[in-house]
Amino acid sequence: MEILQNVHSYLAYVVLLVLLLAVFNAIIGFAGNRMFTLEKDFRISLFALILSHLQLILGLLLFFFSTSGLKAIQAVGMGGLNAPARLLAVEHPSINIVAIVLITIGWSRHKKYMEGKKKFRAIAIFYGLGLLLILSRIPWSKWFY
């Protein structure tokens, strides 16, 4: 379980970096009224989507099999969780699921448009909202121990 936790923790840095890159790329593309290219823009957005989904799968495995997820809720109940335990067992997984749903919606919406500006707008908005949600529920105390 410790290996899975370490992979999930270190992959988070990569996911955040790639999501930031995708959001900034989309904002710059939208503001600059650029064409949406397969070589750069499509690949950055797709890579961010794939990595965020991979991170979600690892996180769900941790939720169901680690002691700080579902087992913590079962042991003391929702009312028995202190703030750090509630962050790990409830807030972090639920908010990150919503974030990944938003990122997925952004990916799906961008595919419906032909115009580059609309593609960039969809990615900037939905990936950006997903990134903000992810940043809001990172257990920062666990990262900087």
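The selection criterion, being at pLDDT 95 or above, assigned to a helix (DSSP H, G or I) and closer than 21 Å to VAL7 by Cα, does not hold for ALA124.
From LEU49, LEU4, grab the single residue that is buried (at least 19 other Cβ atoms within 10 Å of the Cβ), aliphatic (A, V, I, L, M) and touching a residue at least 12 places away in the same chain (Cβ under 8 Å). Unique residue meeting the criteria: LEU49.
The residue pairs whose first member lies in region 108-125 and is under 16 Å from ILE44 (Cα atoms) and touching a residue at least 60 places away in the same chain (Cβ under 8 Å), whose second member is aliphatic (A, V, I, L, M) and loosely packed, with under 15 Cβ neighbours inside 10 Å, and whose beta carbons are closer than 7 Å, counting only pairs six or more residues apart or on different chains, are GLY116/MET35. Residues that are assigned to a loop (DSSP other than H, G, I, E, B), hydrophobic (A, V, I, L, M, F, W, C) and over 15 Å from the mean Cα position of the chain (by Cα) do occur in region 19-35.
Of all residues in region 104-145, those satisfying the criterion of being surrounded by 18 or more Cβ atoms within 10 Å (Cβ to Cβ), of a type in the set (A, V, I, L, M, F, W, C) and within 17 Å of ASN25 (Cα to Cα) are TRP107, PHE120, ALA122, ILE123, ALA124, ILE125, PHE126, LEU131.
The values are calculated or read from the model by the stated rules, or taken from the named source; none is laboratory data. Please read these numbers as outputs of a predicted model, since none were measured by experiment. Cβ sites come from the backbone with ideal geometry, for glycine too, and all protein chains shown count toward neighbours.
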